[in-house]
Every structure is written in structure tokens, then in C-alpha cells.
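Notes follow once the structure below has been shown.
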Amino acid sequence: MRIGQGIDAHAFREGGNLVLGGVNIPYARSMEAHSDGDVLLHALCDALLGAAGLGDIGQHFPPGNPEWRDIDSRVLLRKTFAMVGAEGYRVLNADLTVVAQEPKLAQYIGTMREYISTDLGVTADQVNIKATTTEYLGFTGRGEGIAAFAVVLLED
């Protein structure tokens, strides 16, 4: 078995579409990013790549490359999962945390789990997602952006 962890954070910008876990979240702001800015899926990609010893998301999908401009991060997740699978690994579980003072995310977590489990070819009970705040501390607490953390367990 192999374990990997991933972390991502992006600042907010006014307007646009806020996407987390592949889900469009109604909100007045979105993430400042080269892709769709889905910090949850980016952290998950890094965790998968790390567990398989394949580097990080920036090596495979460099932000300066126009090919990845505004790309749906679910596409990146599926490509990452294919790389991990090509190395002979399968996902046993993923545990993900979104850190955001706002917006509130509880009503979207079920759909996020559904999308992620589909993209990883696992059941929804193999994907856990939590949302938390920092009680107004730090950049997430001040509402400047969102962070995400991911841990995955792979088996060969």
C-alpha cells in the first residue's frame, strides 16, 4: 500500500464560477487560477500522484501551458487517475477536507463524493469529504480564498 497527501489553495476573485469537487457552487466569487481553480480536485490529484511516486500536478499540467487554461479539473483528475492506474495502483480510499469560511458547503458534499467516486472508479463510501472553517483565522478565515487537503491510500 502507498499513501499520498496533497494540499492546494487559491485566492478568490470577483465573479466567475466557483467549482469545488467538480460541483458549481452558487457564489459571487470564484478562484483565481489558470484552470477552473477547483482546489479540492487539485489537492486530490497531488495526493494520487504523490502516493504513486509520480511527482505533482504542476509537473503534469503546468499552469503556463495554454492547453490547461480554464480546463475542468475533473478532466485533470481522470487523467491523473489514468496515470496512477497505468502504474498498477488502485484507490482504496480518499479523505478530503475543504477549508473555507464561506460559502457553506454541506449541501454539495454528496454530489462531490458522487463525482469523485465516479472519476476514481470507486464507491462513494471510499471517498470522504469534510468542510470546515478556521473560525475567522488566516486567509481562509478572512474570506480571501479557499484551501483543501487530501489523503489517499493506494494498493497495487
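Against the condition hydrophobic (A, V, I, L, M, F, W, C) and without any contact (Cβ under 8 Å) to a residue 12 or more places away in the chain, how does residue 82 come out, does it pass? Yes: the conditions hold for residue 82.
Of all the numbered requirements in (1) free of Cβ contacts under 8 Å to residues at least 60 places away in the same chain; (2) surrounded by 21 or more Cβ atoms within 10 Å (Cβ to Cβ), residue 41 misses one, and that requirement is (1). Of note, residue 87 satisfies the criterion of being of a type in the set (D, E, K, R) and in contact with a Gly (Cβ under 9 Å, 6 or more places away or on another chain). Within the range 112-156, being surrounded by fewer than 16 Cβ atoms within 10 Å (Cβ to Cβ), more than 28 Å from residue 90 (Cα to Cα) and in contact (Cβ under 8 Å) with a residue 40 or more places away in the chain holds for 141, 142, 143, 144.
Across the range 33-48, the number of residues qualifying as of a type in the set (A, V, I, L, M, F, W, C) and modelled with pLDDT under 95 comes to 1. The single residue among 140, 134, 111 that is more than 17 Å from residue 38 (Cβ to Cβ) and either modelled with pLDDT under 95 or of a type in the set (Ser, Thr, Tyr) (or both) turns out to be 134.
Residue count for the range 45-55, restricted to those that are over 14 Å from residue 82 (Cβ atoms) and either among the β-branched types (Val, Ile, Thr) or in contact (Cβ under 8 Å) with a residue 40 or more places away in the chain (or both): 5. Screening 3, 7 for residues that are among the hydrophobic types (A, V, I, L, M, F, W, C), under 9 Å from the mean Cα position of the chain (by Cα) and surrounded by fewer than 17 Cβ atoms within 10 Å (Cβ to Cβ) leaves exactly one candidate, 7. Quick one: in the range 103-156, which of the residues that are in a loop (DSSP other than H, G, I, E, B) and among the basic types (Lys, Arg) is farthest from residue 85 (Cα to Cα)? Among them, the one singled out is 142. Scanning the range 71-102 for residues that are in a loop (DSSP other than H, G, I, E, B) and under 18 Å from residue 146 (Cβ atoms) yields 72, 100, 101, 102.
Just to be sure before I move on: is residue 51 assigned to a helix (DSSP H, G or I), modelled with pLDDT of 95 or more and either surrounded by fewer than 17 Cβ atoms within 10 Å (Cβ to Cβ) or charged (D, E, K, R) (or both) in the structure I sent? Spelling it out, it is not the case that residue 51 is assigned to a helix (DSSP H, G or I), modelled with pLDDT of 95 or more and either surrounded by fewer than 17 Cβ atoms within 10 Å (Cβ to Cβ) or charged (D, E, K, R) (or both). Scanning the range 7-25 for residues that are within 19 Å of residue 106 (Cβ to Cβ) and without any contact (Cβ under 8 Å) to a residue 60 or more places away in the chain returns 19, 24. Can we say residue 2 is in contact (Cβ under 8 Å) with a residue 60 or more places away in the chain and among the basic types (Lys, Arg)? The answer is yes for residue 2.
The values are calculated or read from the model by the stated rules, or taken from the named source; none is laboratory data. Just so we're clear, the structure is a prediction, and the values are computed from it rather than from any experiment. Cβ: placed from backbone, ideal geometry, glycine included. Neighbour counts: every protein chain shown.
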